[in-house]
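This report concerns only the one structure given below.
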Amino acid sequence: MPSPDRPLRKLGFLTIGLFEPADPAAGHRSTLEIIELGERLGFDSAWLRHRHLQFGISSPVAVMAAASQRTSRIELGTAVTPLGWENPLRLAEDLATVDLLSGGRINPGVSVGEPMTYSTVKHELYPDSADTEDFSYARVERFARLVAGDKVREFSGKQGVVEEYSNRVEPHSPGLRDRLWYGAGSSKSAAWAGEHGFNLLSSSVIFPDKDQAPYFAAVQQAQIRAFRDAAARAGHANARVSQGLVVIPTDSASTAQREKYQRYVDERTPRTLTPQGPRGMVFAADIIGSSDQIAEQLYAHGGFQEVDEVAFALPFSFDHEDYVQILTDIAEKLGPALGWAPVY
């Protein structure tokens, strides 16, 4: 086994929290049980994908609130919340509330841009302002200011006999601003995140620059370096980077599970072979095999070489028992192979 320059410091996982349309409660309970399992196995963090008008978690803030009362140590995050669907002030209030309830364990990850399939929902999402909404970086900057406790208005103090008013978002959770993450897929957005005091979430989908060859690991490595350079110039010495790839260890998997997992990877592999769509998206290949085999591939991966924390993505549409097996193998075999030690 090749040796990394430094051991993996933080190990997390990411889940989409799928559910059956006819019985959505069961899927949400499964997600909470998986987070509880993650804490018992010593994982550092659990992250929730954010889905709208799909059969996955649409309200990760609510799920994190529930998870915060079932756990005591594991960090909880979103990867990512698309701010185009959110009112930044209201989201800042909700996240601060859950962060306080959790004891300061929330790691909100966000992104900007026009919501996916916007033309099909804008009449309901923004009936009076759909054509004037600002989905630029300014939206996330406003969100960050509100989380940080910047003044919202001039008025504050008592009005009437009882009512007390604040001039900032309440409740305020000190430290939450430092735990804001940005989900970047391009060099431009990675550098912007570094310049503006965010941590970086780098996932399994990226957009190469026009002059870059579409090789995922090399492009991701360059984007992470661009982020770190920008963060250093801006004085953000403690900026964090997390990498999120799909890894599927099979150490303790049954024969049926291994066959199922391999079919999943085979179905998804073609999209990783060439850039996709008008922007030339490049998808990372899923990594499947024994923990030792996966560790060897990660050590050779340019993106992985740049980080000391990860949030491995759980595959879509697997069963609860599959996630239990995968998480257990990650914690007990893959993590230690990468130099990580569980926290209990």
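The residue that is surrounded by the fewest Cβ atoms within 10 Å (Cβ to Cβ), among those in segment 277-297 that are out of contact with any Leu (no Cβ under 6 Å at 6 or more places or on another chain) and within 17 Å of A184 (Cα to Cα), is R279.
If the condition is being hydrophobic (A, V, I, L, M, F, W, C) and farther than 26 Å from I34 by Cα, then segment 93-105 contributes no residue at all.
Each residue in segment 11-32 was checked for being within 21 Å of T97 (Cβ to Cβ) and part of a loop (DSSP other than H, G, I, E, B), and 1 pass. Can you find a residue that is surrounded by fewer than 19 Cβ atoms within 10 Å (Cβ to Cβ) and free of Cβ contacts under 8 Å to residues at least 60 places away in the same chain anywhere in segment 7-18? No. A count restricted to segment 14-67 and to residues that are closer than 22 Å to V247 by Cβ and of a type in the set (S, T, Y) stands at 4.
Going through (1) in contact (Cβ under 8 Å) with a residue 12 or more places away in the chain; (2) surrounded by fewer than 20 Cβ atoms within 10 Å (Cβ to Cβ) one by one, E259 falls short only on (1). So which pairs qualify, if the first residue must be in segment 319-332 and at pLDDT 95 or above, the second must be among the basic types (K, R), the Cβ gap must be under 8 Å, and the two must be at least 6 apart or on different chains? So the pair list comes out as D322/K260. Is it true that some residue in segment 223-231 is touching a strand residue (DSSP E or B) at 6+ places or on another chain (Cβ under 6 Å) and farther than 16 Å from V310 by Cβ? Looking for residues that are touching a strand residue (DSSP E or B) at 6+ places or on another chain (Cβ under 6 Å) and farther than 16 Å from V310 by Cβ, one finds none in segment 223-231, hence no.
Looking at the structure I just gave you, is A311 aliphatic (A, V, I, L, M), under 28 Å from A239 (Cα atoms) and not in a strand (DSSP E or B)? Considered against the rule, which asks whether it is aliphatic (A, V, I, L, M), under 28 Å from A239 (Cα atoms) and not in a strand (DSSP E or B), A311 comes out as no. Out of all the residues in segment 41-97, which are among the β-branched types (V, I, T) and more than 24 Å from I326 (Cβ to Cβ)? Hits for segment 41-97 are V61, T81, T97. Within segment 130-145, residues that are more than 21 Å from D178 (Cβ to Cβ) reach partners that are assigned to a loop (DSSP other than H, G, I, E, B) and among the charged types (D, E, K, R) with beta carbons closer than 9 Å, at six or more positions or on different chains, in the pairs E133/E114; F135/E114. Going through (1) without any contact (Cβ under 8 Å) to a residue 40 or more places away in the chain; (2) buried (at least 16 other Cβ atoms within 10 Å of the Cβ) one by one, F312 falls short only on (1).
Does segment 291-303 contain at least one residue that is over 30 Å from F198 (Cβ atoms) and not acidic (D, E)? Looking through segment 291-303, at least one residue is over 30 Å from F198 (Cβ atoms) and not acidic (D, E).
The values are calculated or read from the model by the stated rules, or taken from the named source; none is laboratory data. Keep in mind the model is a prediction, meaning the values are calculated, not measured. When we count neighbours, we look across all protein chains shown, and the Cβ atoms used for this are built from the backbone with ideal geometry, even at glycine.
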